[in-house]
Amino acid sequence: MTNPILVTGGTGRLGRALVPRLLSAGHAVRVLSRRPSSDERMWRGDLVTGEGLEGAVGGVGVIVHCATGNGRADIAGTRNLIRAAARAGRPHLMYVSIVGVGRVDMAYYRAKLACERLVERSALPWTIQRTTQFHELIVWMCTSQRWLPMIVMPGGVSFQPVDAGEVADRLVTLVGAPPAGRVPDMGGPEVRPATDLARAYARSRSSRRPVVSVPMPGAGIRGYREGGHLTPEHADGRITFEQFLAA
């Protein structure tokens, strides 16, 4: 591929895994950033305001849209990116979304679904890849409670965490392929109760804190209990949570 690839969210968790893989595969890469940088790969642009986007997307062959934040900003940023791309030659737009955005009633999920709809209705060639939560989310859920004498996890909820590096590998493959619309979901290798994952985290840190399962209210948690965010039929990842922790 001769045209460069633009990565939004290139300094985030997925972007940090994706950019070096794209470079290793021989692609020229631009990374969208709100901040000025002396790195020639960094292109200044703001998704929310639209400032600098036309220059960043100019001449690119593929845009990998990994950026994520709060719901309204995500929707505005995706809309602005699509407008800039449409004026710049209609590059292939790849959007990274979440498994269950149509089944889990949470604001963040609703925003991701709205972004998917913008991509689908755009005049651009597009691909959407949904994935389950990254391993780091489970770690964050545990570490954010480090001042408590226990680790509290939502009762009746399981997760299927996937490795960000393996998702990045999938995206590199998709970059080299024609636009494919909604591609099969990608999930981690195991569906496991949240409490089980928390105990694995505690063991990896030699922590004796007990793990407590607590029933939690709300439509979003109900969607989690019903497994709306899981894709056991697409357990494509190979790196387990314990392997991630050990690494």
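Worth pointing out:
- Residue 108 meets the conditions (1) buried (at least 17 other Cβ atoms within 10 Å of the Cβ); (2) of a type in the set (Phe, Trp, Tyr); (3) touching a Gly at 6+ places or on another chain (Cβ under 7 Å) in every case but one. The failed one is (1).
- Of the residues making up the stretch 1-36, those that are in contact (Cβ under 8 Å) with a residue 40 or more places away in the chain and either of a type in the set (Gly, Ala, Ser) or part of a strand (DSSP E or B) (or both) number 10.
- Cβ pairs under 6 Å, 6+ apart, first in the stretch 90-109 and closer than 12 Å to residue 227 by Cα, second assigned to a strand (DSSP E or B): 99/130
- Only one of 217, 179, 189, 184 that is in a loop (DSSP other than H, G, I, E, B) and more than 29 Å from residue 5 (Cβ to Cβ): 217
- Screening residue 123 against (1) crowded, with 23+ Cβ neighbours inside 10 Å; (2) assigned to a loop (DSSP other than H, G, I, E, B) leaves a single unmet condition, (1).
- Flag if residue 224 is over 23 Å from residue 108 (Cα atoms) and of a type in the set (Phe, Trp, Tyr): no
- Residue within the stretch 50-67 that is modelled with pLDDT under 95 and under 18 Å from the mean Cα position of the chain (by Cα) present: yes
- For beta carbons closer than 6 Å, sequence separation of 6+ or different chains, a first residue in the stretch 113-129 that is at positive phi and a second that is in a helix (DSSP H, G or I), there are no qualifying pairs.
- The requirement of being closer than 15 Å to residue 133 by Cβ, buried (at least 19 other Cβ atoms within 10 Å of the Cβ) and among the β-branched types (Val, Ile, Thr) is not satisfied by residue 175.
- Residue 61 vs. criteria surrounded by fewer than 17 Cβ atoms within 10 Å (Cβ to Cβ) and in contact (Cβ under 8 Å) with a residue 40 or more places away in the chain: yes
The values are calculated or read from the model by the stated rules, or taken from the named source; none is laboratory data. Computed from a predicted model, the values in this text were never measured in an experiment. All Cβ positions, glycine included, derive from the backbone under ideal geometry; neighbour counts span all protein chains shown.
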